[in-house]
Amino acid sequence: MAQIKNEAAYRVALQRIDELLPLVHDNTPTDDKHYLELDMISDMVEEYESVHYPIQAPSLADTLKLRMYEMGLTQAKMAEMLGISCARISEIISGKGEPSLRTGREMCRKLNIDPSVVLGL
């Protein structure tokens, strides 16, 4: 299969995807030439991006900050929700400390954070 070999080719592929998207919809047959071209170019772009623009897993600290924002919580309210001290949540959010097993379980349950993020996997 063809590969995107440089940034210029990557940009051209993105532009072609933008041109093809209006031509392909949910009811487009899978043997349609636009559908097939979009599928092939999308696969090539995905492969290029996985090498040149990898998306790393979020850190626990970043995830907790996001949850605080989403839920409108202060560090004090989050600490209260998890049953830990304000100093302890501050350590975890700053990345200077790790949650205990109990606190990690509470983060998963009460904040809907994936266990792999809590465990740093």
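For region 86-121, give me each residue that is among the hydrophobic types (A, V, I, L, M, F, W, C) and open to solvent by less than 60 Å² (accessible area, probe 1.4 Å). Correct list: Ile89, Ile92, Ile93, Met107, Cys108, Leu111, Ile113, Val117, Val118. In the set (1) farther than 30 Å from Pro115 by Cβ; (2) open to solvent by 100 Å² or more (accessible area, probe 1.4 Å), Thr28 fails one condition alone, (2). For region 31-77, the set of residues classified as in contact (Cβ under 8 Å) with a residue 24 or more places away in the chain, in contact with a helix residue (DSSP H, G or I) (Cβ under 8 Å, 6 or more places away or on another chain) and open to solvent by 70 Å² or more (accessible area, probe 1.4 Å) consists of His52, Ala57, Pro58, Lys65, Met71, listed by residue number. Residues that are open to solvent by 100 Å² or more (accessible area, probe 1.4 Å), among the polar types (S, T, N, Q), farther than 30 Å from Ile113 by Cβ and free of Cβ contacts under 8 Å to residues at least 12 places away in the same chain occur at least once in region 12-20. Does Ile93 satisfy the criteria of being at pLDDT 95 or above and among the aliphatic types (A, V, I, L, M)? No: the conditions fail for Ile93. Name, by its number, the condition in (1) in contact (Cβ under 8 Å) with a residue 60 or more places away in the chain; (2) touching a Pro at 6+ places or on another chain (Cβ under 6 Å) that does not hold for Ile92. Failed condition: (1). Looking at Glu37, Glu80, just one residue is assigned to a helix (DSSP H, G or I) and within 26 Å of Tyr10 (Cα to Cα), and that residue is Glu37. Within region 1-11, the set of residues being surrounded by 12 or more Cβ atoms within 10 Å (Cβ to Cβ) and assigned to a helix (DSSP H, G or I) comprises Ala9, Tyr10.
The values are calculated or read from the model by the stated rules, or taken from the named source; none is laboratory data. Bear in mind the structure is a predicted one, so any value in this text is a computation, not a measurement. Using ideal geometry, Cβ is built from the backbone for each residue, glycine included, and neighbour counts are taken over all protein chains shown. For the accessible areas, the whole protein counts, side chains as well, though only heavy atoms, and no ligand, DNA or RNA atoms are used. Shrake-Rupley method; radii C 1.70, N 1.55, O 1.52, S 1.80 Å.
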